[in-house]
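The structure under discussion appears below in the form of structure tokens.
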Amino acid sequence: MIETPEVKPNKKGKRVIIILLGFFLFLCIIVIFASNQSEKPTQPNSTTSAPHAFVPYSPPPPSSEPNPTPTPVVDEGRWSYNASYDQMRQITTVFATLESSSILNFDFPYNGGATPSIQLRKEGNGSSEAMLKIDKGQFMTSYDGTRIAAKGDNGPVQYFEGDESANGRSDILFIEPASRLIALLKKSAHVTLEAPFYEAGRIQMEFETTGLVWPP
């Protein structure tokens, strides 16, 4: 009788197979993990500045403070002002003077050009006076009054009386009523006066009267 040799299982080969299977599973896990990582979205760099968002312009709200009232500009024009003080009587006399833009030409001995002027005067609390003066020449006056014509801008012609100076000077005429002439000077930008002159007849004189402040 022939004896069959006992066949024993090859334990060493089983171990090799198990190791190979484990290594294969490990590779599969690595491949799957790597593919999952590649499919994740890339996170933005936190140091990269984001674009500025568009913000529509909105005007500032209106101020609740009232608009300041502008200071009016006073045009003093060609008028000049001065004053004198009487120490003994303690009275101040104020003057406003305006030279004419007209130059008058008289015969000898007043030739060479003469400048007329208007002068206003107010002594203390008294009434205002208005005078027409000439720096070279003489006014023609009469006992029954000297007529002076005046026109402001495009208004009608007005008539005033011209009185001699109390000291007899012929280069000054006091115009009456002074209050009416001053009102004309204050509301007009241009005034024409007409008065009689010695041996020259009636002559018209132009005055730029803008900006009169009276009393100053």
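Applying the selection to region 80-97, what residues are over 19 Å from Ala178 (Cβ atoms) and among the hydrophobic types (A, V, I, L, M, F, W, C)?
The answer is Met88, and nothing else.
Is it the case that Phe95 is more than 36 Å from the chain's Cα centre (by Cα), under 18 Å from Phe207 (Cβ atoms) and in a strand (DSSP E or B)?
No.
Go through (1) surrounded by 13 or more Cβ atoms within 10 Å (Cβ to Cβ); (2) out of contact with any strand residue (DSSP E or B) (no Cβ under 8 Å at 6 or more places or on another chain) for Ala150 and report which single condition fails.
Going through (1) surrounded by 13 or more Cβ atoms within 10 Å (Cβ to Cβ); (2) out of contact with any strand residue (DSSP E or B) (no Cβ under 8 Å at 6 or more places or on another chain) one by one, Ala150 breaks only (2).
Quick check on my filter: what residues within region 95-134 are polar (S, T, N, Q) and touching a strand residue (DSSP E or B) at 6+ places or on another chain (Cβ under 9 Å)?
Answer for region 95-134, where residues must be polar (S, T, N, Q) and touching a strand residue (DSSP E or B) at 6+ places or on another chain (Cβ under 9 Å): Thr97, Ser100, Ser101, Ser102, Asn105, Thr115, Ser117, Gln119, Asn125, Ser128.
Could you check region 142-152 and list, in sequence order, the residues that are closer than 26 Å to Ser188 by Cβ and not basic (Lys, Arg)?
Hits for region 142-152 are Gly145, Thr146, Ile148, Ala149, Ala150, Gly152.
Hey, does region 48-60 have a residue that's modelled with pLDDT under 95 and of a type in the set (Val, Ile, Thr)?
So far as region 48-60 goes, yes, one or more of its residues are modelled with pLDDT under 95 and of a type in the set (Val, Ile, Thr).
If you scan region 90-125, which residues turn out to be more than 25 Å from Glu194 (Cβ to Cβ) and either surrounded by 10 or more Cβ atoms within 10 Å (Cβ to Cβ) or in contact with a Leu (Cβ under 9 Å, 6 or more places away or on another chain) (or both)?
Scanning region 90-125 gives Ile91, Thr92, Thr93, Val94, Lys122, Glu123, Gly124.
Can you work out which of the residues in region 175-199 that are assigned to a loop (DSSP other than H, G, I, E, B) and touching a strand residue (DSSP E or B) at 6+ places or on another chain (Cβ under 8 Å) is nearest to Phe160 (Cα to Cα)?
Pro177
What is the one condition in (1) within 37 Å of the chain's Cα centre (by Cα); (2) in contact (Cβ under 8 Å) with a residue 60 or more places away in the chain that Gln119 does not satisfy?
Gln119 satisfies all of (1) within 37 Å of the chain's Cα centre (by Cα); (2) in contact (Cβ under 8 Å) with a residue 60 or more places away in the chain except (2).
Check Arg169, Arg121 and return the single one that is modelled with pLDDT under 95, within 24 Å of Thr92 (Cβ to Cβ) and basic (Lys, Arg).
Criteria check complete, one pass: Arg169.
What are the residue pairs meeting all of these: first residue in region 153-169, first residue in contact (Cβ under 8 Å) with a residue 24 or more places away in the chain and within 11 Å of Leu184 (Cβ to Cβ), second residue surrounded by 10 or more Cβ atoms within 10 Å (Cβ to Cβ) and among the β-branched types (Val, Ile, Thr), Cβ atoms under 9 Å, and 6 or more apart or on different chains?
Asp153/Val191
Return only the number of the condition from (1) over 23 Å from Trp79 (Cα atoms); (2) surrounded by fewer than 13 Cβ atoms within 10 Å (Cβ to Cβ) that Ser170 does not satisfy.
(2)
The values are calculated or read from the model by the stated rules, or taken from the named source; none is laboratory data. Predicted model, so just to flag it, every value in this text is computed and none were measured. For neighbour counting, all protein chains shown are included, and Cβ atoms are generated from backbone atoms with ideal geometry for every residue, glycine included.
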